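What follows is a short report on a single structure.
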């Protein structure tokens, strides 16, 4: 049986780095020494906050036979500046699963060290995690009601106390306040009422300023970017321009927004998804126009006319990865097939297959890309492996070639445009960041994310919200990148 | 209704006598304990966040804070019920009305503070969920908590004050209890102002402007309402003594940072900063204020107090700040070498570097002007406090 592998077995390959849109949690599959592990980091939505970390150690039957610890260090201090490792405790009912909580204090890039100790010895892996604040939470109405009631009680109580203080507190024992004191008390209450109103108004303004500061400084916002299209010779050039005060072209090394890190020799990986119909995809690698890395140009491929969502993945040397978001209108005849900017550019136009327990998509070379969803429908927020294989007409597995170092690329796009993610067999992590962190430590920079091409792939992921999605799955065979498309509906 | 004068005098004497006998003063000791527990809990909690970082509701520091709130709230709640429903005529006569209930004014302030503290808890919890764990002292829910704490301390002070003002016997002992309560309140004010009174800013106008604005009000008002000698010096001593106590005590206990990034590896609880030398301007105020009383009115006295405070404070704190930057201050007593785990390299590089003086020729007169407003308000407040009987 042929498998997803070139003749040389077990080639370790990595995929491009990426951030995501609307999908901030981290999912990883790989090896911690001798152990196959799946790791998920569910962010708390706000930073500083506590993330939920789940580690699945494949093949464990007795949870007590393994000890799992997790530890997170901010990118610039590493594990030397990290708190002590936390023990992940076995989750009752699933002997392979261990869980822990981790604090992330800054909205930044972290390296998560997952260590497993068991009968096969000690294994450890460094996983890049983006600690992002993505939630803007309104106060629940019941809590607002309770606090408002207490606020009214406190305000009324304060005014009453001030009235009593003015009216009676200075009187000798037993003496009743006269009319003058009562009048003064009423005046005192009025003045205090004005002051209390001013204090409440000022407090409200302060609260609003704090909320605004959180939105501006802590809440994740990718760099502002603008996509444009300009004719050049016989083609159109798509330009994604970063126009953001945080990115001036002279990055500060100590900042999380420091210099961009090339990923497989490419500073940006750009995706175009046709809006609405989701029936066209381009996966391009634009070139920075100057060392300042403010404008990135790519020749527009042959795509049907329409409005496209544009996503530009970049990763900083800090390991901080982000996806720039814009959109562009592609005119009819705007692209050209033979003018790719980069040999790894690819694009796709075509219909999709609906989800099924076993969905199959016919590829251009006659093979089929099979998605084994299984009988259970996809549920939002529930992690599961997206399992794919390439098969011939008889159902035998076929090998694939590495496409930019990976067996497969999966693009997740929600129909409403709120979610975009670029996955690979190692999960959702940034491999460039992983290599950077591994390089900074003494560990093997390729440990853990080695993806063999000699088997089917299972990509760990949880769809972040309910709704309709399209999956684009890209594989390479006989020098040609081929794309399959599937529709799915993630249930609440 | 106004009661006939002889009867008033008679009951007054009874109330004054009871005020001094100590039989019913347990409530004063109880609220003073609450006031102490709360502020030491706050200082402990700040140290906890600078040393360990991670916490839960159930840390000992939090429990000390809320123990103070509970003790004050229950004590004063019981006092209100007892006075209202089972109190003697004298008890009710030395109480103020509140929605049909009766209790001493300070008790109502304590109850208000306890409710404010309770209110701040879900507010702060939601704040953490909405904006993340706030790692600073000054945030809206923390200020509501601080208002509750301040109310408990203020209530404790008013309760001791009313007893002091009514007493005809042991006024000295009650006067010292009042100054202890006032010193605890001053400690809270200094703690809240910490972010603006750092030692590397002690050559800058802002430091003296904040100090004059925040501290003069409390020192002057306390002194005005006190019957004891050296009242300003005493409250400054309470503040300095308790701060030093925590400064020496906290590093005796081990602590390990549990949050990252950890820039400084520490193994002990972070001490408080060395107390500000408020004792010097307070002593100067104690020299000036009694002598000026009756000779100049309060408007002029406020100006004099402010000028004395700023000049004396600059004269003491300025050179002392230089000393705190020297290796001589890097020991268990001055503790200037203790850095929180979260001090990043840039912060560490500035740790022993004084920020240069700014426009002091303008800044210090502004500090005196701010201090003037603070002192004048303090005199008003002190005059009112000196009349509090209930």
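Applying the selection to segment A:247-256, what residues are part of a loop (DSSP other than H, G, I, E, B) and crowded, with 18+ Cβ neighbours inside 10 Å?
Start the filter on segment A:247-256 by keeping residues that are part of a loop (DSSP other than H, G, I, E, B), which leaves A:248-256.
If the condition is that a residue be part of a loop (DSSP other than H, G, I, E, B) and crowded, with 18+ Cβ neighbours inside 10 Å, then A:251, A:256 are the ones that fit.
When only residues in segment B:327-343 that are assigned to a loop (DSSP other than H, G, I, E, B) and without any contact (Cβ under 8 Å) to a residue 40 or more places away in the chain count, which is farthest from residue A:253 (Cα to Cα)?
B:331
Please work out if residue B:323 is modelled with pLDDT of 95 or more and either in the same structural domain as residue B:258 (by TED's automatic domain parsing) or closer than 30 Å to residue B:47 by Cβ (or both).
Here the answer is yes, as residue B:323 does meet what is asked.
Need the failing condition index for residue A:158 against (1) at the interface with chain B (Cβ under 10 Å from one of its Cβ atoms); (2) modelled with pLDDT of 95 or more; (3) farther than 30 Å from residue A:211 by Cβ, just the number.
Single failed check for residue A:158: (3).
Spot the failing condition for residue A:181; the list is (1) within 11 Å of chain B (Cβ to nearest Cβ); (2) in contact with a helix residue (DSSP H, G or I) (Cβ under 7 Å, 6 or more places away or on another chain); (3) modelled with pLDDT of 95 or more, and only one is missed.
Single failed check for residue A:181: (3).
Could you identify the single residue in A:88, A:72, A:54 that is touching a strand residue (DSSP E or B) at 6+ places or on another chain (Cβ under 8 Å) and closer than 19 Å to residue B:256 by Cα?
That would be A:72, the only listed residue that is touching a strand residue (DSSP E or B) at 6+ places or on another chain (Cβ under 8 Å) and closer than 19 Å to residue B:256 by Cα.
Any idea which of B:346, B:321, B:316 is more than 24 Å from residue B:245 (Cβ to Cβ) and in a helix (DSSP H, G or I)?
None of the others qualify; the one that does is B:346.
Name the single residue that is surrounded by the most Cβ atoms within 10 Å (Cβ to Cβ) among those in segment A:102-149 being more than 12 Å from chain B (Cβ to nearest Cβ) and in a loop (DSSP other than H, G, I, E, B).
Ranking the qualifying residues of segment A:102-149, first place goes to A:120.
Go through (1) farther than 12 Å from residue A:113 by Cα; (2) more than 14 Å from chain B (Cβ to nearest Cβ); (3) buried (at least 21 other Cβ atoms within 10 Å of the Cβ) one by one and return the number of the condition residue A:47 breaks.
For residue A:47, the failing item is (2).
Looking at residue A:228, is it closer than 26 Å to residue A:431 by Cα, more than 14 Å from chain B (Cβ to nearest Cβ) and in contact with a strand residue (DSSP E or B) (Cβ under 8 Å, 6 or more places away or on another chain)? Working first, answer last.
Details: closer than 26 Å to residue A:431 by Cα: no; more than 14 Å from chain B (Cβ to nearest Cβ): yes; in contact with a strand residue (DSSP E or B) (Cβ under 8 Å, 6 or more places away or on another chain): yes.
When the stated conditions are applied, residue A:228 does not pass them.
Among the listed residues B:87, B:77, B:113, B:41, which satisfies the condition of being under 16 Å from the mean Cα position of the chain (by Cα), more than 11 Å from chain A (Cβ to nearest Cβ) and free of Cβ contacts under 8 Å to residues at least 60 places away in the same chain?
None of the others qualify; the one that does is B:41.
Can you tell me how many residues in segment B:230-262 are assigned to a loop (DSSP other than H, G, I, E, B) and touching a residue at least 24 places away in the same chain (Cβ under 8 Å)?
The total comes to 8.
Just to be sure, is residue A:173 within 11 Å of chain B (Cβ to nearest Cβ), buried (at least 18 other Cβ atoms within 10 Å of the Cβ), under 17 Å from residue B:165 (Cβ atoms) and in contact with a strand residue (DSSP E or B) (Cβ under 9 Å, 6 or more places away or on another chain)?
Spelling it out, it is not the case that residue A:173 is within 11 Å of chain B (Cβ to nearest Cβ), buried (at least 18 other Cβ atoms within 10 Å of the Cβ), under 17 Å from residue B:165 (Cβ atoms) and in contact with a strand residue (DSSP E or B) (Cβ under 9 Å, 6 or more places away or on another chain).
The values are calculated or read from the model by the stated rules, or taken from the named source; none is laboratory data. Being a predicted model, the structure only gives us computed values, none of them experimental. Backbone-built Cβ (ideal geometry, glycine too); neighbour counts: all protein chains shown.
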